[in-house]
Ligand code: NDP
C-alpha cells in the first residue's frame, strides 16, 4: 500500500481530526492531510507543538487548521461531548478521524505491571478513544449520510495483533483497539462509515526510540514514508473497505 499515489485534491473540502497531531506520525499525517486539501483539526496535549504544526500548514497555504489542546489522560465524556458540539457548529461535518495518540508505558514483565500505569495507558490508548468515538459518531454518521462516506482509522501495533513478552499494558491496549474497530465496523455496516485499523510498523519517532534505545533510527522508515497508506484510508479510494486490519510496512 506504500505505493498508493494520492491525487493532490484527495481530501478537498473534508474535515479530518487527528489525535496526537503535535509529534511523530500524527504530526506528519496532519501536514499530509492538509497538503491534500483537508481542514485538519489538530488534537494533542502540548499546545506549542500543535501551534508549530498550525504555522507550518498556514505557511504552506493549505486550508487553515483548528487546534484542540486536550490531555487524553484527564478528559471526560463531557469534554468530548462539548468538543463534538463545537465541531458540529464550526464545521457542520466530520469526514474522518485518525486515532493516533498513544502512550507506550513501561515495558516490563507481566508481574511488574503497575496498576497506576495500567490505568493511564488504558485511559489514553483505549478509553479516550471509546469516549471520543461515542461523542463524535452522530456527526460522523450525519456526514456520511450527506456526503456519502466517512472514515475512522484506529492505530494498532504488531503487538496488538500478536502478543509479545514484556510489552505489557501497551500490547493489551492495542488488542482492545482492534476489538473496538471490529465491533464498530460491524455495527456501522451500510452507513457509509468505514472503520479500519492500521499498524504503522517500526517508525522513526520518539516512541520507537524509547522502546528500542539501542536501535539505529536511520534504519527505520520515517513517518513521511508511511503516508500513502494514511492517505488511502482517509480518502475515497478506500470506500467500501471496512473492518480490516492494514499494515503500513508488510514484511
Ligand atoms: P510519539 O510518541 O512520537 O507521538 C505520540 C503522540 O501522541 C504525541 O503527539 C503525543 O503528544 C500524543 N499523546 C500522548 N499522550 C497523550 C495524551 N495523554 N493526550 C494527548 N495526546 C497525547 O508516537 P508515534 O508517532 O511513534 O506513535 C503514533 C501511534 O503509532 C501510536 O498510537 C503508537 O502506539 C503507534 N505505533 C507506533 C510505532 C512506531 O514505531 N513509532 C509502531 C507501532 C505503533 P505530545 O507530543 O504532546 O507528548
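The values are calculated or read from the model by the stated rules, or taken from the named source; none is laboratory data. Quick caveat, the model's predicted, so the values are computed rather than measured. Ideal geometry is used to build each Cβ from the backbone, glycine not excepted, and the neighbour counts take in all protein chains shown.
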**Message:** at pLDDT 95 or above and in a helix (DSSP H, G or I): is that true of residue 116 in this structure?
**Reply:** yes
**Asked** What number goes with the only condition from (1) within 11 Å of the ligand (Cβ to nearest atom); (2) more than 18 Å from residue 230 (Cβ to Cβ) that residue 199 does not pass?
**Response** (2)
**Request:** Kindly indicate whether residue 231 is within 29 Å of residue 106 (Cβ to Cβ), more than 9 Å from the ligand (Cβ to nearest atom), in contact with a helix residue (DSSP H, G or I) (Cβ under 9 Å, 6 or more places away or on another chain) and part of a helix (DSSP H, G or I).
**Result:** no
**Complete:** In region 149-170, anything away from the ligand (no atom under 14 Å from the Cβ) and either within 16 Å of residue 19 (Cβ to Cβ) or crowded, with 24+ Cβ neighbours inside 10 Å (or both) is listed as 150, 151, 152
**Asked** Looking at region 55-90, which of its residues are assigned to a loop (DSSP other than H, G, I, E, B) and surrounded by fewer than 17 Cβ atoms within 10 Å (Cβ to Cβ)?
**Response** 60, 61, 64, 71, 73, 74, 76
**Message:** Which pairs turn up if I take residues in region 89-104 that are at negative phi and look for partners that are within 16 Å of the ligand (Cβ to nearest atom) and part of a loop (DSSP other than H, G, I, E, B) with beta carbon separation below 7 Å, at least 6 apart in sequence or on another chain?
**Reply:** 100/20; 101/20; 101/72; 102/20
**Prompt:** Can we say residue 121 is at pLDDT 95 or above, under 16 Å from residue 242 (Cβ atoms) and either touching a helix residue (DSSP H, G or I) at 6+ places or on another chain (Cβ under 9 Å) or not in a helix (DSSP H, G or I) (or both)?
**Reply:** no
**Message:** Any residue at all in region 147-160 that's without any contact (Cβ under 8 Å) to a residue 24 or more places away in the chain, assigned to a helix (DSSP H, G or I) and farther than 30 Å from residue 211 by Cβ?
**Reply:** no
**Request:** Filter region 202-228 down to residues that are within 30 Å of residue 12 (Cβ to Cβ) and surrounded by fewer than 18 Cβ atoms within 10 Å (Cβ to Cβ) and give me whichever is nearest to the ligand (Cβ to nearest atom).
**Result:** 221
**Message:** Just checking, does region 125-134 include any residue being assigned to a helix (DSSP H, G or I) and in contact with a strand residue (DSSP E or B) (Cβ under 6 Å, 6 or more places away or on another chain)?
**Reply:** yes
**Request:** Return the only residue of 2, 31 being more than 29 Å from residue 75 (Cβ to Cβ) and either assigned to a strand (DSSP E or B) or in contact with a strand residue (DSSP E or B) (Cβ under 9 Å, 6 or more places away or on another chain) (or both).
**Result:** 2
